[in-house]
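To keep things clear, I will list the structure first and then write my remarks on it.
The values are calculated or read from the model by the stated rules, or taken from the named source; none is laboratory data. This one's a predicted model, so the numbers in the text were calculated from it and none came from an experiment. Ideal geometry is used to build each Cβ from the backbone, glycine not excepted, and the neighbour counts take in all protein chains shown. The protein model used for the area step is the full one, side chains on, heavy atoms only, and it has no ligands, DNA or RNA in it. Shrake-Rupley method; radii C 1.70, N 1.55, O 1.52, S 1.80 Å.
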Amino acid sequence: MRTLTYREAVREALIEEMERDERVFLMGEEVAEYDGAYKISQGMLDKFGPRRVIDTPISECGFAGLGVGAAMAGLRPVVEFMTFSFSLVAFDQIVNNAPNMLTMSGGQFHVPMVFRGPNGPVHALGATHSHATEPFYANVPGLKVCAPGTVRDAKGLLKTAIRDDNPVIVLESEALYNTSGEIEDADTDLTVPLGEAAVLREGDDVTLVTYSQTIPLVLETADKIKAELGVSPEVIDLRSIRPLDADTVCKSIAKTNRLVIVEQNRPFCGIGAQLTYAVQRDAFDELDAPVTRVAQQDVPMPYNEKLEDAVLPSEQRILDAVKEVCYL
Amino acid sequence: MSTRAESPPSTPTQAAEAELKILRSMLEMRAFEERAAQQYQMGKIGGFCHLYIGQEAVVAGSFAAVRDDDYVITAYRDHAHALGRGTSMNACMAELFGKATGCSKGLGGSMHFFDKERFMFGGHAIVAAHIPLGIGLAFAAKYRGEDRVALCYFGDGAIHQGAYHEAFNLASLWQLPVLFICENNGYAMGTAVHRSTALEELHHRGRGYDMSHSAVDGMDVRAVRDQVRNVVEDIRANSHPHFLEARTYRYRGHSMSDPATYRTKQEVDTKKEQDPITTFRDQLISEGLLSDEQFTQAQKAARQEAAESVTFADQSPDPPLSELHDYTYARPEHE
Ligand SMILES: Cc1ncc(C[n+]2csc(CCOP(=O)(O)OP(=O)(O)O)c2C)c(N)n1
Ligand SMILES: [Mg+2]
């Protein structure tokens, strides 16, 4: 084992998969000469050359669509969005072209490719630059969506996504790029399966489900919950959004009988809404309290940081939610 | 709303005053942004902050050639556009600080300066997403039978978006009264223009839409003003779009977090020799319209105002939490 940053883990996954498979290439804005807007692809132009690490003009719709076409013609593109807020100008390619091709062609054309980049609100970027896009994409059959929240998953899920024969959205997190964590040595071919949640911390009294950039907040709050409320929380990282692993959550509820979902996206038709449906269906008898969600407030993101803080999940809101489901 | 005619001032004193006004406007933009940069480094300003320093002649020159009630819309590098329209430094600095007294009530930030009263339809942060809005402004003016022109500013990187192309086609098809001003500062983030297009001259894009087009030295405020005046006069009279490429240069990085290692210091220094403010100052001095002392005074006044705007922003309140949900949906009082 060794320690890497999330950023290094993403880069390692890209490098390993490009070394392993000549069909894989990386395309996006500022990925080559600038080393990536967030320095994910640092050094990769030197390593692989401009044939495989490709700078584009600001044309998301164009190069996302190029990716779909190239995938139909047998390549395995990795398309980087500088952030997923900018993927919205390529929405048609991601939502209409990539996932529908296999069905429309009667099984002739599959689209093995990855759309990746940072996703979710960061800090003081305002309404257009703060989107958590997972509910948009998770709504679409034919797409797979994951949101790695740990260093190990940042590498393992991306490698799996690149090898998958379907279009996979890999939602990274700018807020996590600098975090470090333990990971297997470089020579282990680390892959993490899509569609499997992970229990990050075991507990008995309440299940806290989260993913991506709210994981650090939830883990810190979990300590407080134990210390201040005397409640033992179990923390689950969804890791994949579609397919969604409700089984792992339901198993946990069988033990804790209570569920709080902490998510970075908006509440209406959000990921927690879908998970809540699955839980009431499969674990109805196990629940001792209604499921509670801590999501963004249901507003466009304000720039002012105090207002932004009030919109985003916070320690206080998680504590309140835990008290609510534990009737404290 | 008073409207200023865009025709050249008639008397020599009026002409001189108009020139000095342009100079003061550029000095204000520069002073404001130098302060903003300092405040950003002190952690008073959040998010992304893109400075217009070096490019001032484009806004100052074009605004000097249009009416106060013409419509304006631009991208996220928008401080100069608001200031040039007359939004106060206080309201602009307060917006950067996220305060309730800001021009967007602290909800928009650096990339989203709006001022409805001054027909400033915003800074917009998704590259090129505002170009269709720009033609919508022109459409509304034409629809109502007004002789307003819409000024739509965007960077050299924006012309590679689908939104740009679709808007250009519609503008030409429907002969909408819009002046597209491409602020070609040589780079889109770290991408030099020649790495994003095979075209030598960006304004030649107009050809594909059968749209009139031209280029102007965007470091020369008089050249910008005169070219815009000519073009806008025709747009106002005959309703059509025009694509003007203003060749300019940004001295700072793309945003405050960009070290700009993709260009040489020598390149930046060479461009700074054509600084729009010093060039214009020297012209005015040699023509006897300005003295050294007057220039220093004007510069001092602008810097003073910028410093005061920091105090104003510092002392202003945050937007109240109780208003968090007030702007998600329009209500009758927003009319
Ligand atoms: C659709 C979209 N893609 C990417 C970005 C990120 N981005 C912001 S500014 C910028 C460069 C734009 O350059 P240009 O149009 O030349 O304007 P300048 O910054 O030089 O004024 C990029 C890539 C964005 N805001 N929107
Ligand atoms: Mg540019």
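Observations, loosely collected:
- When every Cα-Cα distance of region B:15-163 is counted in 10 angstrom steps from zero, the calculated P(r) takes the values 12, 41, 35, 11, 1 percent.
- Solvent-accessible surface (1.4 angstrom probe) belonging to A:D55, in square angstrom, nearest 10: 40
- Rounded Å value of the spacing that divides the Cα centres of region A:251-328 and region B:195-258: 50
- Taking chymotrypsin sites (Phe, Trp or Tyr not before Pro) across region A:180-285, the ones in a DSSP loop with at most 15 further Cβ atoms lying within 10 angstrom of their Cβ are A:F268.
- Here region A:2-183 is treated as an ellipsoid with the same Cα gyration tensor; its semi-axes, largest first and in whole Å, are 23, 19, 16.
- Percent antiparallel among DSSP beta bridges (both partners in chain B, rounded to 5): 10
- Taken over the alpha carbons of chain B as equal point scatterers, the Debye sum produces base-10 log I(q)/I(0) values at 0.10, 0.14 Å⁻¹ of -0.57, -1.17.
- Note on region A:11-131: antiparallel DSSP beta bridges, both residues inside, total approximately 0 percent of the bridges counted.
- For region A:2-183, the solvent-accessible area of protein heavy atoms averages 33 Å² per residue (probe radius 1.4 Å; ligands and nucleic acids excluded).
- Heavy-atom accessible surface that A and B bury in contact, both chains counted, 1.4 Å, Å² to 100: 2600
- Between helix A:151-163 and chain A: long-axis angle, C-alpha atoms, 0 to 90°, nearest 10: 50
- Surface per residue (accessible, 1.4 Å probe) for chain B, Å²: 42
- Volume per residue for the protein assembly as shown equals 174 cubic angstrom (convex hull of Cα atoms).
- The long axis of helix A:215-224 is offset from the longest Cα principal axis of chain A by roughly 20 degrees.
- Sequence-separation-based contact order of region A:198-325, relative, with Cα cut under 8 Å and 6+ spacing, percent: 28
- The DSSP beta bridges internal to the protein assembly as shown are antiparallel in roughly 20% of cases.
- Pairwise Cα inverse-distance average, inverted: Kirkwood Rh of chain A (Å): 20.1
- FRET efficiency, 1/(1 + (r/R0)^6) with R0 56 Å, evaluated for B:T11 and A:D189 via beta carbons: 0.10
- Computed over all pairs of different Cα atoms, the Kirkwood value for the hydrodynamic radius of region A:89-142 is 12.9 Å.
- By a 1.4 Å probe calculation restricted to protein chains, A:D282 has an accessible surface near 80 Å², given to the nearest 10.
- Counting charges near A:T5 (Lys, Arg +1; Asp, Glu -1) among other residues having Cβ under 14 Å from its Cβ returns a value of 0.
- Probe 1.4 Å - accessible area at A:H110, Å² to nearest ten: 80
- Relative contact order (%) - region B:34-162, alpha-carbon pairs under 8 angstrom, separation at least six: 26
- Between the helical axis of A:6-20 and the longest alpha-carbon principal axis of chain A there is an angle of about 40 degrees.
- Bins of 10 Å, starting at 0 and running to the largest distance - Cα pair percent for region A:198-325: 14, 48, 32, 6, 0
- Separation of region B:267-299 from region A:80-108 is 52 Å, based on Cα centroids.
- Take each residue in B:107-113, count the other chain C-beta atoms within 10 Å of its C-beta, and the mean is 6.
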